[in-house]
Amino acid sequence: MSFDILWFAFHILIFPGLLFIVVMGVLLMGINNKMVARMQNRVGPPILQPWYDFLKCCGKETIIPRRAQKFVFIGAPILGFAVLITAALFIPFGGSSVLSSTGDIVVILYLLTFCSVMSIVGAAASGSPYAGVGLSREMVAMIAYELPFVLVLLAVGKLAGSDSAQGVTFSLATITEWQTAHLPVICHISMIPAAIAMLFVIPCEIGMHPFDIAEAETELCEGTLTEYSGAPLGVYKLTHCVKVYVMTALFTALFMGGITTGMVVVDVLIKILVCLVVTFLSMTLPHAVCARFKVEQVFKFYWTFVSALALISLVLVWIGL
Amino acid sequence: MTQLFDQFYNFVGTDINHFPIFAIVTLFLGAFIIAIVGKLNKTLRNVIVFIVTIIPFLLMLSLIKPIMIDGGVINYWMGNWAPVGEWAIGIGLEVDALSLFFGLIVTLAVFIVAIYSFTYMNRDSSLENYYTLFLMLSGALLGLVLTGDLFNIFVMIEIMTMTEVALTAFRVDYDGALEGAMKYMVVGSLGSSTVLVGIAMLYSQLHTLNLAQIAASLPSHQNAVTAAAFAFLFIGFASKAFLFPFHPLEADVNAVAPASISMIISGVITKCGVYAIIRICYILFQNIELPAVSISVTLLGAVSCFICVTMAFNQHNFRRLLAYHSISQIGYVIMAVGLGSMFGLEAGLFHAVNHTLFKGLLFLTAGAVQYATGSADLDKLGGLVKKMPQTCALFLIGAASISGLPPFNGFASKWMIYQSVFEKASETGNFVYVIVVVVCLLCSVLTLASFIKVAQSVFFGQLNPEFNKPEVHEVPVVMQIPMWILAGLCVLFGVFPNFIQKYFLTPAATAAFNVTNYIDTMLGQGTAAKAGIQQTEIGTVSSIGCWQPVSWLWLLLIITCAVCLIAVLGSNDNKKHATALNAEEKVSDLVGVKQSGAGRLNNVAADASLKGVASDHLLSDQELIIISRDRTIEDEVLAGEDPKYENFFSGEKSEFSQVGGSDLFWGFKHDMRHYFNFQKDWHSGNVNDYTTYGVAAIAVTLVLAILFL
């Protein structure tokens, strides 16, 4: 009994819990930065730079603007981080997930939304006009990527649920099992548009460069983060890193889950490799190649092009291809 | 405790059959007593209102055990006019679990509104009229959900509509109050008359008005007339639930009615429409299983949901915005009800009760804001979190619930709705339901977006100098208590959905499917079998079941605490922090004058540079306006500290604007401008147009019903 609890605590805190999630997030972010730099012919920061940033932020003084609502201002980043870690625990990574429920896709979807909402609420509480504009842009970005995201999730759920009695599944465990029994989802021709759509959703959900309209440094002084400093800023930065891990791991679980060799270590290494490839495709390439989009461009892009890709997959899956 | 309950039920015995009529009569009696003695003494009046609203609530609570848990049905013949042969002549009350479910919603909301009104309405005159009308309205609502007679439903709807009209116009001095009431009267009468026509047609065919008897004889008397009657009844009740295309009316009414009445309109009156729709579709006509009915009802819900949530984006008035969201949520309910599956109905009922809780809470907070500041204009309010922290917290709970964020109740019920719609989609293989799921999920995000706009423009952002005075402060405790009750229920329902499902949703949904029981209780055993109505297979709820949040909520809590601890340990200690702030303040005090002078110059330079940036189209013009206007405010605040500088910038003072309000979603609105312009055109606010939409809706429904039924 006590061993079970210890094991559970190990899962939550070490692997695949808090520690692993944070380390993976920092590494993926660092590698992404490095790759972007190399592609632009720069040397780039060290891979652990996000971690150094976090440590340095924690050592700095926290200044709370006089106009800010103190409690919300400090509480929002912390709650956002906690919510994100909880969401990460639902995602299986080389083995089963720590937490699971019959509808964990919807739970993850909502927890990710909650995390974004926390950054918005924090920005709102700071009382700065730059943060105000930033949060409105963040919200528009959220509306933009949510539609294709939902369509992708439905398409995968429908495909992986085709064996079950309900005909659709919202459970990541079922999706993983289905992929073990059949091929990984991405091997189905009909799902390739959805995978591409998901690759586009990832950078916008995280707020990476070509889609970082909410934090646009040159126009909005970091937008939602304008007034933040010290430890809360550090937590935001760390949340940002962890989001990279959560989204890439979600992609892996949805499209390339169920690949098992029987050895956990090898499985995890394979997954990490896949995460790296996803990071490269969805974040590094657009970052290195594109300039920042305008707000209305992001919205139009996601509601037409990306949604259309996801919808094609959904329709194809629905008619049984 | 159980012993106490047993003793109570033993003591009451069969007298429990009288409880429903007691509950209705208490409210009506209260109305008449208030009309007589209300003028005499304020305390006496409030005590009477408190007593006559809490008694029906307690009576309904005491009915939970015999009806919800033991699965009984209470029938009561008024004046003991029991059926002769198989003909029901008198008026009967019939309370099954479905009726009781809505009865509980009504009585709870009425009780809460009554407490809230004591303080909220204290600045108005002739309150005895308010309470008389309010209690009449409550009695009508309760009567509507408890009655077993079709004509009685019509009578209650009439009382409801007319008292509602009077209450909307209660604050006559408000801009548009009379206009809103007039619109409600015209369109509401249209809806009531439609119901009456439907009842007349049914009576001409079946020669009875008793719900159970109609249900028993309808299956063998299906023809074009009953199909038309269905259409009339459906659209009449849909107009009471303010579904598309009746939704503009609700916005117009809710913007002007007192907030307490807004809560009744959007929280309870719409629920009565939903109740009546469930009653006619599931019990009376038993036609919800037909694909045509199911798909059209679900689509009606989806359309209402989407149109209203996008309309809410354009609103500048807090309460209008809430009103549109209210219909959007009712759209969710109707969507789930239209599925015709056990799980779908449970989801719909759950969202219905949740809607009463969170929408009630939001309307009450809107009322509190209006009470404190005298304004509901999103463009004028702002920064109230400093003035009204409790109201802000309550609003955030309500907003999180309505946007369906876990762990609040909106998430639990919306989650059930997604599941049930998708389940239906896979069962029938109909792609329409997939579109409906996507609309559901999208509307959820849009709801969230629009509540963030409200949060930003009412509670966060910058405090409007107009409200920066000591008179603007937190509302009295008496007003807070009802809001905290609702907020607490929002959280409880979200954390323990299994409990609610087991004791409330499943019995209510089972009752809606159990037509034979409904008929037999009223007209004697075996009537239903004689009429050829088969005991319907009561579907089992799929294994998906409810959402069980408790386990990982603990986890979330633990992680939050851990992160808090790290953050506290990691950051500098508070003492140093405080001194730093003090020092900063001192410095800013010292250089305050210089700052505001030099700051202005800097700002001019910065504005120029901003414009330079904007010329590259990085910042939109609108955003630029927002930023520069906010700077003006900042300057004004600085200038306010030193009166010397007030003289210079008076010209801008009336031009107060801030981030928030209508500007927040300009990117979204810009891309969707054709859609929004179209919407703006046909939500004209003209009662003639509203009536036309209503008549068109009747015509379309009539054609559909005659073609497909």
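The values are calculated or read from the model by the stated rules, or taken from the named source; none is laboratory data. Keep in mind that what you see is a predicted model, and the values were worked out from it rather than measured. Cβ coordinates were reconstructed from backbone atoms using ideal geometry, including for glycine residues, and neighbour counts include every protein chain displayed. Ligands, DNA and RNA are excluded from the accessible area calculation, which covers all protein heavy atoms including side chains. Shrake-Rupley method; radii C 1.70, N 1.55, O 1.52, S 1.80 Å.
In this structure, A:Ile319 and A:Ala181 have a Cβ-Cβ separation that, at R0 = 22 Å, corresponds to a calculated FRET efficiency of about 0.50. A dipole drawn for the protein assembly as shown from +1 and -1 charges on Cβ atoms has a positive end, and of B:Ser125, B:Ala97, B:Leu381 the residue lying farthest that way is B:Leu381.
Neighbouring Cβ atoms from other chains, within 10 Å of the Cβ of residues in A:254-265, number 0 on average. Extending 7 Å from Cα along the Cβ direction at B:Trp81 and again at B:Asp377 yields two label points whose distance is 5.5 nm. Considering only B:Leu364, B:Asn254, B:Leu141, the residue lying farthest towards the positive end of the dipole of the protein assembly as shown is B:Leu364, judged by Cα position with unit charges set on Cβ. With the Cα gyration tensor of the stretch A:131-265 giving a ≥ b ≥ c as the square roots of its eigenvalues, does the rule (a/c under 1.5 for rounded; else a/b larger than b/c for prolate; else oblate) give rounded, prolate or oblate? It is prolate, given that a/c is not under 1.5 and a/b is the larger ratio.
Residues B:Leu709, A:Leu183, B:Leu364 ordered from highest to lowest accessible area at a 1.4 Å probe: A:Leu183, B:Leu709, B:Leu364.
Can you compute log10 of I(q)/I(0) for the stretch B:1-53 with the Debye formula, treating each Cα as one identical point scatterer, at q = 0.16, 0.18, 0.31 Å⁻¹? At q = 0.16, 0.18, 0.31 Å⁻¹ the computed log10 ratios are -0.62, -0.69, -1.08. Helix A:230-255 and the longest principal axis of the C-alpha atoms of chain A enclose an angle of approximately 20°.
Taking the Cα centre of the protein assembly as shown as origin and assigning +1 to Lys and Arg Cβ atoms and -1 to Asp and Glu Cβ atoms, the resulting dipole is close to 860 debye.
Within the accessible area of the stretch B:289-384, the carbon and sulfur atoms contribute 64%, probe 1.4 Å, all protein chains present. Report the one residue of A:Cys204, A:Ala310, A:Val265 whose Cα lies farthest in the direction of the positive end of the charge dipole of the stretch A:2-318 (charges on C-beta: Lys and Arg +1, Asp and Glu -1; origin at the Cα centre). Farthest along the dipole direction, towards plus: A:Cys204. Taking the Cα centre of the stretch A:2-318 as reference, the dipole from Cβ charges on Lys and Arg (+1) and Asp and Glu (-1) amounts to some 560 debye. To test your reading of the geometry: what angle, between 0 and 90 degrees and rounded to tens, separates the Cα axis of helix A:70-89 from the longest principal axis of chain A? So the helix axis and the longest Cα principal axis differ by about 20 degrees.
Just checking the listed ones, A:Pro184, A:Pro77, A:Pro65: in the Gaussian network model of chain A with Cα springs under 10 Å, the one fluctuating most is A:Pro65. Ligands, DNA and RNA are left out, and with a 1.4 angstrom probe the accessible area of the protein assembly as shown is 36 Å² per residue.
Taking one quarter of the surface of the convex hull spanned by the alpha-carbon atoms of chain A gives a direction-averaged projected area of 17.3 nm². Note on the protein assembly as shown: percent of Cα-Cα distances in each 20 Å bin, starting at 0 and stopping at the bin with the largest distance, equals 13, 43, 34, 10, 1.
Angle of helix A:192-206 to the longest C-alpha principal axis of chain A, folded into 0 to 90 degrees and rounded to 10: 20°.
When the helices of chain A are scored as -39500 (n - 2.57) per DSSP H run of n ≥ 4 and the total is divided over every residue, the value at 222 nm lands at -22000 deg cm²/dmol. Of all the accessible heavy-atom surface of the stretch A:5-46, with the other protein chains kept in place and a 1.4 Å probe, what percent is carbon and sulfur? Roughly 78 percent of what the probe reaches on the stretch A:5-46 is carbon or sulfur. Answer rounded, prolate or oblate for the stretch B:86-159, using the Cα gyration tensor with square roots of eigenvalues a ≥ b ≥ c: rounded when a/c is under 1.5, else prolate when a/b is larger than b/c, else oblate. It is oblate, given that a/c is not under 1.5 and a/b is not larger than b/c. A 18 angstrom limit on the alpha carbon distance is what I want to check against. Which of A:Lys56/A:Lys237; A:Lys237/B:Lys386; A:Lys158/A:Lys271 exceed it? Cα-Cα > 18 Å for A:Lys237/B:Lys386; A:Lys158/A:Lys271; rest within.
Put a plus charge on the Cβ of each Lys and Arg, a minus charge on the Cβ of each Asp and Glu, and nothing anywhere else: the dipole of the stretch A:23-172 about its Cα centre is then about 620 debye. For the options A:Thr284, A:Thr86, A:Thr180, a Gaussian network treatment of chain A with springs between C-alpha atoms closer than 10 Å singles out A:Thr180 as fluctuating the most.
Peptide B:434-444 is shielded by partner chain Cβ atoms: per residue, an average of 4 of them sit within 10 Å of its Cβ.
For peptide A:141-150, the mean count of partner chain Cβ atoms within 10 Å of a residue's Cβ comes to 4.
Taking B:Thr163, B:Thr506 and ordering them by how much accessible surface each has at a 1.4 Å probe, largest first, produces B:Thr506, B:Thr163. On association of chains B and A, roughly 6400 Å² of accessible area becomes buried (total for both chains; probe 1.4 Å).
Using the Stokes-Einstein relation with a Kirkwood hydrodynamic radius computed over Cα pairs, the translational diffusion coefficient of the stretch B:48-95 at 4 °C and a viscosity of 1.567 mPa s comes to 102 µm²/s.
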